[in-house]
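Notes to accompany the following structure.
Where a number appears in this text, it was derived from the coordinates with a stated rule and is not lab data. Everything numeric here is computed off the predicted structure, so don't read it as measured data. Positions of Cβ are backbone-derived with ideal geometry, glycine not excepted, and every protein chain shown enters the neighbour counts.
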Amino acid sequence: MELQWQKEERNDLCFKLALFCIVPFLAFLYSFVRLNTRSSHIILFICACLYAIAMSPDLTKGIDSVYYVNEFNRVKDLDSYYIKDLYFNYFSKNEYVKDLYAYTTLYVISRFTDNYHWMFLAFVVLPAIFCLKVLRYTTVNYKFSLLSVCILVIFISRYNMFSINGVRFIAATWLSIYLIVEFYRSNNYRYLILLPIIYFIHHSTLYVFFLFGLASFSKVFVSVNNKNKLIFAIFTSYFLGSYATEILYVFVDYLPSNVQQMVGRYTDASYMEFIHKDNITNSWQRRGEFAVRMYINLLVLTLIYYYDTIYPTNDNFIKRVFAFVVISLFMNNIFASIPAFGIRYLGYLIPFVVICIANANRTKFINTLLLLSPFVFFINAYVLFGYMRSTHSPSILYEPLPLFIYKYLLIP
């Protein structure tokens, strides 16, 4: 697959830059009209940075961004012993130090400033860069239309360049997705050599290595000749889900101590009860997650059914991505009963599914399914906007760029 930018039109570029200088949010929206241009991706990246800079979380909320603000305020007054102790405990396998990325970032930023907005800016850079790099695989033949908007809705539904809550996992997610997809495209092993970096960003990504290895060994089986077997396997995975906890405990003793602790926490009875607590928010959120899971399953089953008619037989890139999709969905259905794990890695799977959809010669039925995406992901969007209300002022939608920079970066 060749990733080429669409040629820029001078008038279009000038208009885009003018919009950005006046109100960045308007330029952000306009960038989706010609999403496969270099300038659009640059504007999207800068808008992600501005969004991060503008984060001013409600400190009464129990969300990740509040935790990092409090941690930043604590660390900024500490000396170098903090970072030395952090690394020593990590490599000594102290179970209280899970990974290094977030704490190293906030420590480094705190050496230069006591303005936590710079910390959020640093947090967004890595996921934004690699999210946009992965997005390019879905916009090779991009034309602005209702269907293309629906595909984008699916792509950004769970994790996107603006995701900061859960910063460690999201950074590891986009970096690993890029490395895996780029390896599938170029067959260059340097991307695999870089893949272990993700474990230092978030320890649960050990599961990614398992998925990648399983997909690599299974790519011969995942083919059009085994269409019925693949469909049967996806359906069967639902029934195996009732044994998810038992399956995890078979392997738990072979995992690093910090991952063992994570598995114990995810499968703890009290934690599971808390997640399934029957209040209005969780009830609606569970319905939304169930709808997304059913929708992704239906999309993948449809792609399996039409595979031989919608993909070129010699497209090795799609074959490899598709094998990863099928194996990941099979495993995700098994672990769906473990809430924090199942929904997290369903979100991880979605960009791979979108790559397969965007590069397919889609049938009418597939296009009809895509038109349902705004309705399927409505609850996800509602939860996302609810989170944004607790972290951002509505003024980010209309503030001019100079005021934006002055307000959040220049004023302590």
From Cα pairs below 8 angstrom and at least 6 apart in sequence, can you work out the relative contact order of the chain, rounded to a whole percent?
25
Simple spin-label estimate for LYS407/LEU301, 7 Å along Cα→Cβ, in nm, reads 4.8
Report the full-extension gain for the segment LEU78 to ASP308: residue separation times 0.36 nm, less the Cα-Cα distance, to one decimal in nm.
76.8 nm
Label-point separation, LEU240 to PHE210 (7 Å along Cα→Cβ), nm
1.1
C-alpha center-to-center spacing [segment 172-204, segment 335-412] in angstrom:
22
With label points built 7 Å along Cα→Cβ from the Cα atoms of VAL149 and THR363, find their separation and express it in nm.
2.7
Within the chain, which whole H helices from DSSP have a Cα span along their axis of at least 27 Å and a mean Kyte-Doolittle hydropathy of 0.0 or more, if any?
116-135, 167-186, 280-310, 316-334, 339-358
A chain fully extended from PHE32 to ARG10 at 0.36 nm per residue, minus the present Cα-Cα distance, gains in nm 6.2 nm
Given the rule -39500 (n - 2.57) for each run of at least 4 DSSP H residues, summed and divided by the residues of the chain, what is its mean residue ellipticity at 222 nm, to the nearest 500 deg cm²/dmol?
-21500 deg cm²/dmol
How do 38-48, 382-392 rank on mean C-beta neighbours within 10 Å, highest first?
38-48, 382-392
